[in-house]
Structure formats: structure tokens, C-alpha cells
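Okay, so here's the structure we're looking at.
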Amino acid sequence: MSTPVAPRRSRSGWNLLGLLVFVTAGFPVYWMLNTAFKPAKDAIDPDPSVLPTGLTLSNFSRALDIADFWGPVGRSLVVSLAVVVIGMVVGMLAALAISRFAFRGRKIVIVGILAVQMVPLVAMIIPVFLLLNDLGQYDRLTGLIITYLTFILPFTVWTLRGFIVNIPKELEEAAMVDGCSRTTAFIRVVFPLLAPGMVATSVYGFIQAWNEYLYALMLLSQKNQTATVWLGNFTTKHGTEYAPMMAGSTMMAVPIVVLFLLVQRKMAAGLTAGAVKG
């Protein structure tokens, strides 16, 4: 039997749309890599070539020489990992409490979590700066970690809540009937089912903390700058060195790519696990 024409056209249309989305999302990444490996003079050509015109590693050497690279990268790793670890522990406990326990003000907490995510981050810069300055946390990584947690934790709690509510309570109850305590039942039954969702959420938190620029610029001095702020060293009074900047951006993207390669299966499972009712 031949395939109906209408479904075939519909499938072709969706494939074309998917290809368009892929090209739109992937072209900036391709252009970054293309500029990072091309000669510096070609990067400022007023009539740039879409295809690579030559390959060179000199931009990476220039990026490493223009300012300290490993210090900012190390600080970004410390901040991002701390945000992920603290955010996952606190967020999981909060999501578990909201999902499994009925308490007074529960709906207010849920609405509050959603409301916090609607506040523009730019609007909180001055209050956060003044608060951290009063607490003695200005120009400290701990202050930056606390700041990042304020906008990553609400998303973490809300997302993990969606995963937890889709795990039947009967599984925990059955484990408790078999002699497990509530804590043991959670560790042995709920936690393994929640792991893919935790991976997906933690990757999001890591990317948010790793790529954040504005707060890192405002709350840290140059000696404590993170990797995103470090990219500003390529813009001087003489202009912007685009090729070395793209080389630096490429090196900054490596940890994210490695992270995705390590957890891609768990990531896919977590994203699909949370795509049901909650």
C-alpha cells in the first residue's frame, strides 16, 4: 500500500521546520568555531566568508596570553558546581515537602516560587549589591553563589516537584509496609526514579551559573572575575579582537559540551519524564 500524500507532506513540513530550527540554533556556534580557527585578519574582513578560509591555532595562544585564563575558569567551575550541589540538595528537599506533605500555606509557597521566576534579574542588581555589601560578601565567590541560588533554586524546586508528583505514592507506601522508614523508602525507591530529573535540572543550573555575566561583572572585582567576565579583556581602547575572543568562547564552551556528552542519556530520560501531568 502506498503512503497517503497528506501525511507524507505533513512529515516533510515538520522535517523542514526541524531543519530550519537546527540551522538557526546551530549557525552561531558554527560561526564561533569558524572565527576561532581563522586568521585574525579574516575575522575583521568586511566581506567575511561563510566557509573556513584557513585554519590556525594562533587565536587560542593569543587568548591564553591576553589575560589569566585558568584562574577565571577555575572560579567559574567552583561557583557553578557549588550552585548545582547546594541547589539540588535544598531544591530536592523543598520539592519533596511541597509534593508529598500537606501544610498550611502550601499553595502560597508554590505561587511564590512562580512569582520569583517572573522578576527580571536586572531589577534585583542594586538590592543584591547593597545586601551583599552589608553582609560582607561583596567581591567574594560565596556572595556570588548565594546570588545565583536565588534565581536557580525556584526553577529547581518547581522542576523537581514536577518529577516527584509523577512518582506514585504507593511505591513509598509499599516500601514502608515492608519495613522501610520514610527516609529509607525515599532513598531506595523514589531517589532512583528521580535521578534522571535531577540530572536534567542540575545541567540547567550548571549552564545558568556558568554563562551568567551581569552579576559576576557587578559583584566581583577584576582579580576575582569569572570566565564570562574574562572575555571582556578582548575589548580594549584599540578595538575588539574578535578572533581571540571567539577562541576564548570556544574554550569556555568545552566544559558544557563535555558535561552534555557525559549525561546525555540521563538528560533525555529526565526531560521526557517530566513531560507528563504534574
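The figures follow:
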{"quantity": "Area of V111 that stays accessible when all protein chains are in place (1.4 Å probe, Å², to 10)", "calculated": "90"}
{"quantity": "Calculated FRET efficiency for the pair M251/V109, C-beta based, R₀ 45 Å, to 0.05", "calculated": "0.65"}
{"quantity": "Max mean-square fluctuation residue, GNM over the chain, Cα-Cα springs under 10 Å, options A25, A94, A216", "calculated": "A25"}
{"quantity": "Within a Gaussian network of the chain (alpha carbon springs, distance under 10 Å), most fluctuating of W31, W14, W158", "calculated": "W14"}
{"quantity": "Most mobile listed residue (G112, G179, G13) in the chain, GNM with C-alpha springs under 10 Å", "calculated": "G13"}
{"quantity": "Accessible heavy-atom area order of R106, R161, highest first, probe of 1.4 Å", "calculated": "R106, R161"}
{"quantity": "Per residue accessible area of segment 156-244, 1.4 Å probe, in Å²", "calculated": "48"}
{"quantity": "Estimated FRET transfer efficiency (S221, L193; beta-carbon r; R0 45 Å; 0.05)", "calculated": "0.50"}
{"quantity": "Which labelled figure in (i) 58, 45, 40; (ii) 74, 71, 32; (iii) 51, 44, 31 is Cα extents along the principal axes in Å, once derived from the coordinates", "calculated": "(ii)"}
{"quantity": "Gain in span if fully extended, T24 to F129, counting 0.36 nm per residue against the direct Cα distance", "calculated": "34.1 nm"}
{"quantity": "Extension gain (nm, one decimal) between W31 and V90, 0.36 nm per residue minus Cα-Cα", "calculated": "17.4 nm"}
{"quantity": "Net length gained if the chain between V177 and T236 were fully extended (0.36 nm per residue, minus Cα distance)", "calculated": "14.5 nm"}
{"quantity": "Count, lysine Cα pairs under 26 Å in the chain, 8 or more residues apart or across chains", "calculated": "8"}
{"quantity": "Accessible-area composition of the chain, carbon plus sulfur, in percent [1.4 Å probe]", "calculated": "69"}
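The values are calculated or read from the model by the stated rules, or taken from the named source; none is laboratory data. Everything numeric here is computed off the predicted structure, so don't read it as measured data. Note that each Cβ is placed from the backbone with ideal geometry, even for glycine, and that neighbours are counted across all protein chains shown. Each accessible area value is taken on the protein alone, full model and side chains, heavy atoms only, with ligands, DNA and RNA left out. Shrake-Rupley method; radii C 1.70, N 1.55, O 1.52, S 1.80 Å.
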